[in-house]
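Only one structure is covered here, and it is reproduced in the block below.
The values are calculated or read from the model by the stated rules, or taken from the named source; none is laboratory data. For clarity, every value in this text was computed on a predicted model and none was experimentally measured. Here Cβ is always computed from backbone atoms with ideal geometry, including for glycine, and neighbour counts include all displayed protein chains.
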Amino acid sequence: MEALAHITSLSEAIRETVRDGDTVALEGFTHLIPFAAGHEIIRQGKRDLTVIRMTPDLIYDQLIGAGCVKKIIFSWGGNPGVGSLHRLRDAVENGWPQPIEIEEHAHAGMAAAYSAGASNLPFGMLRGYVGTDLVKYNQRIKFIDCPFTGAKLAAIPAHRPDVTIIHAQKADRKGNVLMWGVVGVQKEAVLAAQRAIVTVEEIVDDLHAPPNSVVLPSWVLSAVCEVKGGAFPSYAQGYYQRDNAFYKAWDVIARDRATFQTWIDRHVLGTKDFAEYKRSLEGATSHA
Amino acid sequence: MPDAAYTSDEMMTIQAARMIRNGVTLFVGIGLPSAAANLARLTHAPDTVLIYESGTIGAKPTVLPLSIGDGELSETADAVVSIPEIFSYWLQGGRIGLGFLGAAQIDKYANINSTVIGDYNKPKVRLPGSGGAQEIAGFCGEVLITLRQNNRAFVKKLDFLTSGGYFEGGDSRQKLGLPGKGPTNVITDLGILTPDPETKELTLTSLHPGVTVEQVVAATGWPLKVASNLETTAAPNAAELRVLRDLNERTARAHAGQA
């Protein structure tokens, strides 16, 4: 019998679950991005992390700028609809605040690698990548011949994070988790990992989950933490919308090292948790 | 409204929208492709099935999404599936008729770069990368590409080949075993380019109103082939412009409204 997930505070969950040097996946495809957990990693000063995410988004821009990351594994590194992730670019182009190693894939390759991890297979397999330059620069994309048809297929090593962290809508008091909407690759990322943390909008008596819902049972999770609004500025369907204006404001905040540093010092390092961070942002005359 | 009262970007988006047949299943990239796809859905192609890589199938947004996974998409979709499912069963599975991509650079065989300007290991400009672009380019039945035409974008040699068009031209795409037909039209702010049936080299086949061949040639980084039966694109009509501008205004209001 596996242990049930421990319902706990986010700071305790990060302290007990994430170690310096770990490979960590904070997933959530535009929707349900676990920003509160990312901030707690920054507050606790975790270092030398290898971070995996299909779309690094602002959450990894913040982790990279804060100096937590030594390597990033990703497939689309932009600020959606806005432009560049300036902290990611500064690390790649200028090695600030420290040099960063990149391992780059395409989305289907990342999805296959997570699925393989969840399935306890050594690699994920897909058509594609043929003729593209990505295979020249990423030695972890290889080609194999199908033993039945001879077709040339791409193979990507399985993602096996030490820790996967996601955000979801609800958990019950035993720590079973329910999520809906754009569910991305979170189920695969959780099942591929050694340990998993889920932050949720609310903990309820009964999930009332319809059959075939995306439910992650308590016994595959290490910790469940209630963090209301914990996906802001991304969104939680049924709770709040994506704050597109914040995504646009981030372009200005992150473009410059000093502006970024002031922002992260004041709003993340200078606050004790996500609720205080939200109040800190609301108290500022602008997001900066 | 006089016919000439439109911008070259509006011409590009409207022409791109016109090339979407009603009822097609369409895998949409964000940005220019998304604007054109939604314009098509709001005008001549109401039954177009819009599919975004966030797993939203049959999305019917009333404003343009800023990201490919905005709530607007999942709330209006016929179905929302996981990321492994959208890429494996739907895209790789061969269910999608048309893919629609933007790019930072394109070459004469319609290969595109959305990864890096300069050297990969010492980039001048680091761009977002493939995302789902290389799969969309590989697996959709056919592909439309839209981008603004100038010397920096239309290059002799890509800094990085992110997504394959016709690779080295001729039958090189087929030899690589990619199932989709490849790019069938490139719609720019100056005209339309289509691949030669044999060599697959992009050829200027239509000029937008008021644009000269010399202008397009000067905006292209390789000696551009021009079709002998060069056509002129129809100017945007009042209805197309009205729907596009309404969509853009609704979108701007919606994205500014949240802070």
May I ask you to list the residues in segment B:200-217 that are part of a helix (DSSP H, G or I) and exposed (fewer than 13 other Cβ atoms within 10 Å of the Cβ)?
B:Glu214
Which number in (1) at negative phi; (2) more than 11 Å from chain B (Cβ to nearest Cβ); (3) not in a helix (DSSP H, G or I) marks the one condition that A:Val183 misses?
(2)
Elements of type strands (runs of 3 or more DSSP E) in segment B:110-188, at least 1 residues being surrounded by fewer than 18 Cβ atoms within 10 Å (Cβ to Cβ) and within 12 Å of chain A (Cβ to nearest Cβ):
B:116-118, B:123-126
Within segment A:134-161, how many residues turn out to be surrounded by 21 or more Cβ atoms within 10 Å (Cβ to Cβ) and either within 23 Å of B:Ile112 (Cβ to Cβ) or modelled with pLDDT under 95 (or both)?
4
Conditions (1) over 26 Å from A:Pro157 (Cβ atoms); (2) within 16 Å of the chain's Cα centre (by Cα) -> A:Val51 fails only (1)
Restricting to segment B:1-22, what's the tally of residues that are buried (at least 19 other Cβ atoms within 10 Å of the Cβ) and of a type in the set (Gly, Ala, Ser)?
2
Got a sec? Which strands (runs of 3 or more DSSP E) wholly within segment A:1-109 have at least 1 residues that are more than 14 Å from every other protein chain (Cβ to nearest Cβ), of a type in the set (A, V, I, L, M) and buried (at least 20 other Cβ atoms within 10 Å of the Cβ)?
A:23-26, A:49-52, A:69-74
Quick one: is A:Arg173 closer than 24 Å to A:Pro56 by Cβ, more than 14 Å from chain B (Cβ to nearest Cβ) and at pLDDT 95 or above?
no
Got a number for residues in segment A:197-232 being outside any loop (DSSP other than H, G, I, E, B) and hydrophobic (A, V, I, L, M, F, W, C)?
13
Within segment A:119-127, is even one residue in contact with a Leu (Cβ under 7 Å, 6 or more places away or on another chain), assigned to a loop (DSSP other than H, G, I, E, B) and touching a residue at least 24 places away in the same chain (Cβ under 8 Å)?
yes
Here the residues within segment B:80-99 that are of a type in the set (D, E, K, R) and not in a helix (DSSP H, G or I) are B:Arg95
Extreme residue, surrounded by the most Cβ atoms within 10 Å (Cβ to Cβ), among residues of segment B:23-50 that are over 21 Å from B:Gly94 (Cβ atoms) and among the β-branched types (Val, Ile, Thr)
B:Ile30
When you look at B:Ala238, is it surrounded by fewer than 13 Cβ atoms within 10 Å (Cβ to Cβ), within 14 Å of chain A (Cβ to nearest Cβ) and farther than 24 Å from B:Gly99 by Cβ, yes or no?
no
Within 14 Å of chain B (Cβ to nearest Cβ) and surrounded by 21 or more Cβ atoms within 10 Å (Cβ to Cβ): does that describe A:Val215?
no
Selection over segment A:218-244 where residues are within 14 Å of another protein chain (Cβ to nearest Cβ) and in contact (Cβ under 8 Å) with a residue 40 or more places away in the chain yields a count of 12
Residue under question is B:Thr48, and the condition is that it be more than 9 Å from every other protein chain (Cβ to nearest Cβ), among the hydroxyl-bearing types (Ser, Thr, Tyr) and under 24 Å from A:Asn244 (Cβ atoms); does it hold?
no
Hey, among the residues in segment A:256-288 that are among the basic types (Lys, Arg) and closer than 24 Å to A:His31 by Cα, which one's surrounded by the most Cβ atoms within 10 Å (Cβ to Cβ)?
A:Lys278
Within segment B:241-259, restricting attention to residues that are surrounded by 13 or more Cβ atoms within 10 Å (Cβ to Cβ), in a helix (DSSP H, G or I) and within 14 Å of chain A (Cβ to nearest Cβ), which residue is nearest to the chain's Cα centre (by Cα)?
B:Asn248
Which ones in segment B:82-106 are more than 8 Å from every other protein chain (Cβ to nearest Cβ) and either in contact with a Pro (Cβ under 8 Å, 6 or more places away or on another chain) or surrounded by fewer than 22 Cβ atoms within 10 Å (Cβ to Cβ) (or both)?
B:Glu85, B:Tyr89, B:Trp90, B:Gly93, B:Gly94, B:Arg95, B:Gly97, B:Phe100, B:Leu101, B:Gly102, B:Ala104
Out of all the residues in segment B:51-79, which are of a type in the set (Val, Ile, Thr), within 11 Å of another protein chain (Cβ to nearest Cβ) and buried (at least 24 other Cβ atoms within 10 Å of the Cβ)?
B:Thr56, B:Ile68
On the given criteria, is A:Ala275 more than 14 Å from chain B (Cβ to nearest Cβ), within 21 Å of the chain's Cα centre (by Cα), in a helix (DSSP H, G or I) and farther than 20 Å from A:Asp172 by Cβ?
yes
Does segment A:128-160 hold any residues that are in a strand (DSSP E or B) and not basic (Lys, Arg), and which are they?
A:Phe143, A:Ile144, A:Asp145, A:Leu153, A:Ala154, A:Ala155, A:Ile156, A:Pro157
